[in-house]
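Peer 1: What follows is a structure written as structure tokens; I'll ask about it next.
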Amino acid sequence: MPAYIQGRNVNLTFRPPNRGPVRALYGFDIDVNEGEFLSIVGPSGCGKSTFLNVLLGLIRPDSGDLRMHGKPIAGPGTDRAMVFQEFGLLPWRSVQHNIELGLELKGVPTETRHNVSQHFIEMVGLSGFEGHFPHELSGGMKQRVGLARALATDPDVLLMDEPFAALDAQTRDLMQVELLRIWQEARKTVLFVTHQIDEAIYLSDRVMVMTKRPGHAKKIFPIELPRPRDYEMRVTPEFNDLKLEIWHALKDEITI
Amino acid sequence: MTDQTLPNPAVPADDAVTRETFVERYRKPLLGALAVLLFFIAWQAVFLVVPFNALFISKPNLIFSGLAELVVSGELWADLAVSAVPFLYGFTAAVVVGVTIGIVMGWRVRVGYALDPLMTVFYASPLVALAPLLIVFFGVGVSGKAIIIFLLSIFPFIFNAYAGVRAVDRLLINVVRSLGGKEKDLYLKVIVPSVLPYIVAGARIAVGRGLIGVLVGEFFAASEGIGYAIAKFGDLFALDKMFACILSVMIIAVVLTEGIRWAERSAFPWRVGQ
């Protein structure tokens, strides 16, 4: 039986004008189980964000086979939603209307939209900020809106492209705790791209390490730490052993 | 070593912090008004030294009494009302046509490449010199003047809308596409709202050019209107009234421009400080 999300030999080369072609993904294979939290770590430019965009349906691969529920990915669809590193909030829309964007595009009636956005505003802890505009929010709050917007369309898979990279270290720690709480509540399959090994271990069921460009999976680490996880877990020997193992797999791929 | 917990100082309430005074708060408009005032005083004062000849020049006290006369007699309002008609037609058409051309040029790369040089040539060309020809083509009535105003004020809308589309955040386009948005949604949800501030900024420039269009049109062919009044009073050597009319056009230009600026600040708060 094929995996929930299955990629086989996915290849993608960028051909930017006036420059040589860049191979982003080469022989990329992936299997994601339903409901699991899978993190992807890899050196900068290895194609991990590119892969999320391919899975989202914004970029078409040159060759290879990428399926979800056994059906090939043919473009954007409401079964997948992305949380972007730079938030991607529409600056002229309030928190509530940003969250309702996906529902609006689906043609959901106003009243239903309102109920759904209220539900997710509460879930991400933004009650009282419905009418605020993005420029009035902190980075952490902006990403809560980004998360609520992605969840509001009720996707099966949540794609997160370094969602906390633009946040300061403490906000990031708190957002990780929040994300785990929300993930446990919403039960989505999550693909999470990050540079931080800590973050990947703390959140995930499995961590996939990618090679340098052209990127493909190098090693996959199951994370068998018990859930629910808490901050203290990050200083246990088990956690640190995993961190070291993943670092060893990753460091050979990094060039500076 | 043991942990040290430090004591918390008492924090004064927010209203204990001194408020800024009236002058501090309105420093910017006050200084601007002061400069205008000084300009008029200097103009008036020059003629304490230089001999004054009403045939060649006027001075503020005469201009203001001339303005008062025109206001009381109702002449000024009548002329302004006449001039407003072609301005409204020409300017409205410039907004609609200019914004459409600019957005299409920005979003359809090939259209942009094709039209950019042509538009730049038109923008740089002395369209005012074509005014007599346009009056011949389109008549001495409202339409001829509206066309001149349209041609003068359309370019800021084209170029600003064009620049605005090219400055659209690609991330927001991807956001809407990823949530299932179609081409139409990209226009309505992202492109138009992000271009809007650019269009309003363009309107600020276009207003000035449009007002020039009003005057030029009426210089060549009119029997009423504010531009006609300026030319008429000039021919009659009634320089106080001529300057009064010029002054009223300047006031209108300032009011419109500042009005647009105010609208920008209140309608696009996220752009403040950018």
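What follows is calculated from the coordinates using simple rules that are stated; it is not laboratory data. In this text, all values refer to a predicted model and were calculated from it rather than measured experimentally. Methodologically, a virtual Cβ is constructed for each residue, glycine included, from the backbone with ideal geometry; neighbour enumeration extends over all protein chains shown.
Peer 1: At a 10 Å Cβ-Cβ cut-off, how would you order B:ILE251, B:ILE101, fewest neighbours first?
Peer 2: Working: B:ILE251 11, B:ILE101 20.
Least crowded to most crowded, the residues run B:ILE251, B:ILE101.
Peer 1: Evaluate the range A:19-75: find the radius of gyration of its Cα atoms, find its Kirkwood radius, and give the ratio Rg to Rh.
Peer 2: Here Rg/Rh amounts to 0.96.
Peer 1: For each of A:ILE220, B:ILE149, count neighbouring Cβ atoms within 10 Å of the residue's Cβ, then give the residues from fewest to most.
Peer 2: A:ILE220, B:ILE149
Peer 1: Give me the net charge for the shell around B:GLY259: Cβ to Cβ below 14 angstrom, other residues only, Lys and Arg +1, Asp and Glu -1. Show your work: numbers first, answer last.
Peer 2: Numbers: positive: B:ARG204, B:ARG261, B:ARG265; negative: B:GLU258, B:GLU264.
Charge balance near B:GLY259 sits at +1.
Peer 1: Under 24 Å between alpha carbons, and skipping anything fewer than 8 positions from A:LYS188 in its own chain: which lysines qualify?
Peer 2: A:LYS48, A:LYS71, A:LYS106, A:LYS142, A:LYS219
Peer 1: Quick one: if the Förster radius is 35 Å, what FRET efficiency do A:HIS248 and A:SER138 give, using the C-beta to C-beta distance and rounding to 0.05?
Peer 2: 0.45
Peer 1: Could you work out the mean count of beta carbons from other protein chains within 10 Å of each residue's beta carbon in B:265-271?
Peer 2: Mean partner shielding for this stretch: 3.
Peer 1: Then there is this: Less than 28 Å apart at the alpha-carbon level, and either on another chain or at least 8 residues along: which lysines does that give for B:LYS241?
Peer 2: Reachable lysines: B:LYS59, B:LYS145, B:LYS232.
Peer 1: Would you kindly calculate the translational diffusion coefficient of chain A, applying Stokes-Einstein with the Kirkwood radius from alpha carbon pairs, for 25 °C and a viscosity of 0.890 mPa s, and quote it in µm² s⁻¹ without decimals?
Peer 2: The estimated diffusion coefficient comes to 129 µm²/s.
Peer 1: How high is the FRET efficiency between B:ALA42 and A:THR171 when r is their beta carbon distance and R₀ equals 60 Å, given to the nearest 0.05? Show your work: numbers first, answer last.
Peer 2: Working: r = 57 Å, r/R0 = 0.95.
Once the sixth-power term is evaluated, E becomes 0.60.
Peer 1: Let me ask something additional. How many nm is it between the label spots at B:ALA167 and B:LEU55, if each spot is 7 Å from the Cα in line with the beta carbon?
Peer 2: 5.3
Peer 1: Related question: Expressed as a whole percent, how much of the Cα-Cα distance distribution for the range B:148-274 exceeds 25 Å?
Peer 2: 44
Peer 1: Could you tell me how far the Cα centroid of the range A:116-186 sits from the Cα centroid of the range B:129-204, in Å?
Peer 2: 36
Peer 1: Work out the charge dipole of the range B:58-268 with +1 on the Cβ of Lys and Arg and -1 on the Cβ of Asp and Glu about the Cα centre, then indicate which of B:SER125, B:ALA229, B:LEU256 is farthest towards its positive end.
Peer 2: Ranked along the dipole, the leading option is B:SER125.
Peer 1: Still on this structure: Using Cβ counts within 10 Å as a stand-in for footprinting exposure, how do A:CYS46, B:CYS245 rank, fewest first?
Peer 2: A:CYS46, B:CYS245
Peer 1: Expressed in whole Å with the largest first, what are the equivalent ellipsoid semi-axes of the protein assembly as shown derived from the C-alpha gyration tensor as the square root of 5 times each eigenvalue?
Peer 2: 62, 30, 20
Peer 1: Roughly how crowded by other chains is peptide B:51-60, in terms of the mean Cβ count from those chains within 10 Å of each of its Cβ atoms?
Peer 2: Numbers: counts 0, 0, 0, 0, 0, 0, 0, 0, 0, 0.
That average works out to 0.
Peer 1: Just the number, please: Stokes-Einstein D of the range A:6-126 in µm²/s, Kirkwood Rh from C-alpha pairs, 20 °C, 1.002 mPa s.
Peer 2: The diffusion coefficient I find is 127 µm²/s.
Peer 1: Could you give me D for the range B:1-97, from Stokes-Einstein at 25 °C and 0.890 mPa s, where the hydrodynamic radius is the Kirkwood radius over C-alpha pairs? Units µm² s⁻¹, please. The partial results should precede the final answer.
Peer 2: Details: Rh = 20.4 Å.
Calculated translational D: 120 µm²/s.
Peer 1: Rounded, prolate or oblate: pick one for chain B, where a ≥ b ≥ c are the square roots of the eigenvalues of its C-alpha gyration tensor, a/c under 1.5 means rounded, and failing that, prolate if a/b is larger than b/c, else oblate.
Peer 2: oblate
Peer 1: Let me ask something else. How large is ³J(HN,Hα), in whole Hz, for each residue of the range B:193-201 in order, when computed from phi with the Karplus curve 6.51 cos²θ - 1.76 cosθ + 1.60 and θ = phi - 60°, using x for Gly and Pro?
Peer 2: x, 7, 7, 3, x, 5, 5, 5, 4
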